[in-house]
Amino acid sequence: MAGVENNFYGSVRVGQKVSIGAFDGFARYVGPIPGTDSIWVGVEWDDSNRGKHDGIHNGIRYFKTLHPNGASFVHLEKVIPHNVSFINAFQSKYGQNCGNNIHQEIIALMKQSKMPSFELVGMQKIQKTQACFDKLTHVCLSHHGITCAGNPNEIQDCCPNIVNLELCNNCFTDWGTVSEIAQQLKHLTTLNLSFNNIDLPQEPNNQLKESFKCLKKIVLGKLNYSWHEIMCLCEAFPVLEVLEAPDNNIDRLETHSAVMENLLYLNLENNNLSWSEINKLRYLPKLQTLNVNRNGIKDIQIVPSSFPSLEFLMISDNDLLHFESLCELNKLPALCSLRIQNNPLIKGMSVSNYTLQIIARIANLKTLNGTMITLKERQNNERDFLKDLDMIWHRQLKSVEERAAFLTKHPRYMELIAKYGSDYSEDLNTSNKIKTIKIRIVNFCKETSTEKDVIIKTLPITMTLNRLKDLGKRIFGLGNKQLEFSYLTKEKPDIEYTMENMNQTLDYYSVEDGNTVLIKW
């Protein structure tokens, strides 16, 4: 269905303002409808009372309108597209009194009336209006159906000081039109063109480069451009520092070119990139922030000398499976901020538990998921992590090969030993350290604050809470309930000590013979 793919037939484009007889609306769909031989335009009417549906026909959704009865399908030949200039859209959004026409009208009236008072009042009004437009630096003209730049110089005469311009979801067909707009905005540094259907230039010509010579940030979301096409286009942006290209189905990158030498921020969110592709950008000399959220990344392997200036990495909503990927991130020399929510490797873990696992693996991290990491928190997490590793190193690893594999998996172990020393002791037979303890295990219902069942068990002090959870579910029949753990001592029965890390052991929490462990649900 070519109409769906191209979004236009003849001169009518999706998103374009159109007229049908005496009524106006926006084209939301252009193309065939099964069972008919015609080309149809799905129109969302300005007057929502004219419509019959919200974009569904015979059970098929072609588009979606705000009003449940705001749309109709109309034969293509009945639709007259509007030619909407930048100034047309600007007038509809910010007011009617802009452009040289106002000047001409006032001058003509002044000559006819020959009234000085009119001259004073009229000129003050237009000067005040123009001064207001002159002050506009941030302008949003998204969803206005803009098709052309308009008359020569009318943009720079009306609103010349625009710095930040949003032109999302309009009806541009080529970069020449965008260039004509930008050429009149000498201070333009930020441009958002997302959700447009703009044909790429054969090559960035001198006119294009001249139009964007001050542009530092561009947003190219959902334009269906490949990375190669984006790189070719960026040749027209000589001082570019921020590039955002989300939602473009990009699955391949290229080693960076000279056009990216000054790049500080790169957004590749919601594409289809593996880390091996992202590695192709590793020599970007100034890149400080990289957003690769929602790319389906499964693992990370850092090549030596990668991303020398990268400080902030966003890698949430991916498919990271193993904590070894976080150990790899420790190789990034400047990394100090990380966002990593919604990945399988931390699924089901408490915030305190996965915070420990991440902070202890990445030495220079100062912010995690938007939260500052204090020096005390780092020290506590690193000590707890070291205690876990120490037990594995001394109790489970016997051969040189096993220890070498362990150090590969936990590259910070020796660094943490050097930093804090080891508190591990092999003496498990002294009076205050025993191999097994007899504890009172209580099945506790939080909703009613009552003890349901109690059992006395002798357990090894090396039993983890995960193993105790399995035991508790089995003996108390707790099924798939979410469990919490805490314990009480004989000496202080009114003080409840929480136990959150399910990978830790009973002796880690100093649970002793005769204590009561509460399994809460």
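Miscellaneous remarks
- In region 380-394, the residues that are open to solvent by 70 Å² or more (accessible area, probe 1.4 Å) and touching a residue at least 24 places away in the same chain (Cβ under 8 Å): ARG383, LYS387
- Any hit, region 260-270, residues being more than 17 Å from the chain's Cα centre (by Cα) and assigned to a strand (DSSP E or B): no
- Scanning region 328-348 for residues that are farther than 16 Å from ASN279 by Cα and not in a loop (DSSP other than H, G, I, E, B) yields SER337, LEU338, ARG339, PRO344, LEU345, ILE346.
- Cβ separations smaller than 6 Å between residues 6+ apart or across chains give no pair from region 407-420 residues that are in contact (Cβ under 8 Å) with a residue 12 or more places away in the chain and outside any loop (DSSP other than H, G, I, E, B) to residues that are open to solvent by 90 Å² or more (accessible area, probe 1.4 Å) and among the hydroxyl-bearing types (Ser, Thr, Tyr).
- Residues satisfying the stated conditions in region 48-82, i.e. among the charged types (D, E, K, R), open to solvent by 70 Å² or more (accessible area, probe 1.4 Å) and either modelled with pLDDT under 90 or not in a strand (DSSP E or B) (or both): ARG50, LYS52, LYS64, GLU77, LYS78
- Taking the criterion of being farther than 15 Å from ASN197 by Cα, crowded, with 17+ Cβ neighbours inside 10 Å and out of contact with any His (no Cβ under 8 Å at 6 or more places or on another chain), the only residue of region 10-23 that qualifies is ILE20.
- Pick from region 467-481, criterion in contact with a strand residue (DSSP E or B) (Cβ under 8 Å, 6 or more places away or on another chain) and not hydrophobic (A, V, I, L, M, F, W, C), ranking: surrounded by the most Cβ atoms within 10 Å (Cβ to Cβ): GLY472
- Selection status of MET463, modelled with pLDDT under 85, touching a helix residue (DSSP H, G or I) at 6+ places or on another chain (Cβ under 7 Å) and of a type outside the set (Val, Ile, Thr): no
- Residue within region 449-462 that is in contact (Cβ under 8 Å) with a residue 24 or more places away in the chain and crowded, with 17+ Cβ neighbours inside 10 Å present: yes
- Filter result for HIS144 (modelled with pLDDT of 85 or more, loosely packed, with under 15 Cβ neighbours inside 10 Å and not aromatic (Phe, Trp, Tyr)): no
Condition check ((1) in contact with a strand residue (DSSP E or B) (Cβ under 7 Å, 6 or more places away or on another chain); (2) free of Cβ contacts under 8 Å to residues at least 60 places away in the same chain; (3) small (Gly, Ala, Ser)) across all residues:
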residue	(1), (2), (3)
LEU223	no, yes, no
TRP227	no, yes, no
PHE237	yes, yes, no
ASN249	no, yes, no
GLU261	no, yes, no
SER274	no, yes, yes
ILE278	no, yes, no
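- Count - residues of region 24-45 that are open to solvent by 10 Å² or more (accessible area, probe 1.4 Å), farther than 15 Å from GLU77 by Cβ, of a type outside the set (Ser, Thr, Tyr) and part of a strand (DSSP E or B): 5
- Yes/no for MET391 being over 21 Å from SER510 (Cα atoms) and either part of a helix (DSSP H, G or I) or touching a strand residue (DSSP E or B) at 6+ places or on another chain (Cβ under 7 Å) (or both): no
- Flag if ASN279 is farther than 16 Å from LEU368 by Cβ, outside any loop (DSSP other than H, G, I, E, B) and of a type in the set (S, T, N, Q): yes
- Any hit, region 306-317, residues being of a type outside the set (Val, Ile, Thr) and modelled with pLDDT under 95: yes
- Filtered residue count, region 150-203, keeping only those that are within 17 Å of PHE133 (Cβ to Cβ), touching an Asp or Glu at 6+ places or on another chain (Cβ under 9 Å) and open to solvent by 10 Å² or more (accessible area, probe 1.4 Å): 4
- Where helices (runs of 4 or more DSSP H) fall wholly inside region 159-238, the ranges with 2 or more residues that are closer than 18 Å to GLN16 by Cα and either out of contact with any Phe, Trp or Tyr (no Cβ under 6 Å at 6 or more places or on another chain) or modelled with pLDDT of 95 or more (or both) are 175-183.
- The set of residues in region 361-379 being open to solvent by less than 50 Å² (accessible area, probe 1.4 Å) and touching a helix residue (DSSP H, G or I) at 6+ places or on another chain (Cβ under 8 Å) consists of ARG361, ILE362, ALA363, LEU365, LEU368, ILE373, ARG378.
- Qualifying positions in region 221-241 - out of contact with any Ser or Thr (no Cβ under 8 Å at 6 or more places or on another chain), among the aliphatic types (A, V, I, L, M) and either closer than 12 Å to LEU268 by Cβ or open to solvent by less than 30 Å² (accessible area, probe 1.4 Å) (or both): ILE230, LEU233, LEU240
- Condition check for GLU447: acidic (Asp, Glu) and assigned to a strand (DSSP E or B): no
- If you go through region 486-521 and keep only what is buried (at least 18 other Cβ atoms within 10 Å of the Cβ), outside any strand (DSSP E or B) and of a type in the set (A, V, I, L, M, F, W, C), you end up with LEU506, VAL511.
The values are calculated or read from the model by the stated rules, or taken from the named source; none is laboratory data. This structure is a prediction, so every number in the text was calculated from the model and none was measured. Note: ideal-geometry Cβ built from the backbone for every residue, glycine included; neighbour counts use all protein chains shown. SASA here: full protein model, heavy atoms, side chains in, ligands and nucleic acids out. Shrake-Rupley method; radii C 1.70, N 1.55, O 1.52, S 1.80 Å.
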